[in-house]
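Asker: Handing you this structure, nothing more for now.
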Amino acid sequence: MRAVVQRVIEASVTVDGKIVGKIGEPGLLVLLGVTHHDDARDVTWLARKVRELRIMREERSAGDLGAPILVVSQFTLYADARKGRRPTWKAAAPGAVSEPLYDAFCAELERAGSPVQRGIFGADMAVASINDGPITLILDSPARD
């Protein structure tokens, strides 16, 4: 799994002109991508990492503060644009694989006590955010043999 994590002052996701997920206070915006070999171990590891990263003000974590997290699915995080001008999406898992893992990631954050807002999986979304810092990190779950 791959996540782009941004510390934000606020963030929202809109679908068809309607806000479907919003955090109106400092928290995290997580863009989440899933690849073919990801499983429940990746969900658990990455959710814990995101929640416990000490990237909020005063070296605290979202978990420490009870800060909200907006999670948006984004298969394009697994684009391969090394050749030519048109990226390929071969490394991105299909929806039948990635949607349950996206849902499990959100549920794992909630289970740990984080307030979670979501985009709509597979929808054409407009994401708005005010990055704080700015702080933006790219996280990949550990590779396994």
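The values are calculated or read from the model by the stated rules, or taken from the named source; none is laboratory data. Worth saying up front: this structure is predicted, and the values here are computed from it rather than measured. A quick note on method: Cβ atoms are made from the backbone with ideal geometry, for glycine too, and the neighbour counts reach across all protein chains shown. We work out accessible area using only protein heavy atoms, side chains counted, and drop any ligands, DNA or RNA first. Shrake-Rupley method; radii C 1.70, N 1.55, O 1.52, S 1.80 Å.
Asker: On a 0 to 90° scale, report how tilted helix 95-111 is relative to the longest principal axis of the chain, with both axes built from alpha carbons and the result rounded to the nearest 10.
Answerer: That works out to roughly 20 degrees.
Asker: Another question, then. I'd like the trypsin sites (Lys or Arg not before Pro) in region 29-106 restricted to DSSP loop residues with at most 15 other Cβ atoms within 10 Å, sorted by number. The partial results should precede the final answer.
Answerer: On the way: sites: R41, R48, K49, R51, R54, R57, R60, R82, K83, R85, K90; in loops: R54, R82, K83, R85, K90.
Sparse-neighbourhood loop trypsin sites (Lys or Arg not before Pro): R54, R82, K83, R85, K90.
Asker: While we're on this one: Once the Cα atoms of the chain are picked out, what are the Rg and Dmax in Å?
Answerer: My reading of the Cα-based Rg and Dmax gives 14.7, 44 Å.
Asker: What angle, in degrees between 0 and 90 and rounded to the nearest 10, separates the Cα long axis of helix 40-52 from the longest principal axis of the Cα atoms of the chain?
Answerer: With both axes taken from Cα atoms, the answer is about 30 degrees.
Asker: Heavy atoms of the protein only, probe of 1.4 Å, neighbouring chains included. What is the accessible area of D42 in Å², nearest 10?
Answerer: 0 Å²
Asker: Please give the charge dipole size of the chain, origin at the Cα centre, charges +1 on K and R Cβ atoms and -1 on D and E Cβ atoms. Round to the nearest 20 debye.
Answerer: Working: 19 positive and 19 negative charges, 90 e Å.
Computed charge dipole of the chain: roughly 440 debye.
Asker: Oh, and also: In Å³ and rounded to a whole number, note down the convex hull volume per residue for the Cα atoms of region 42-126.
Answerer: Numbers: hull volume 10.9 nm³, N = 85.
Cα-based convex hull of region 42-126, divided per residue, equals 128 Å³.
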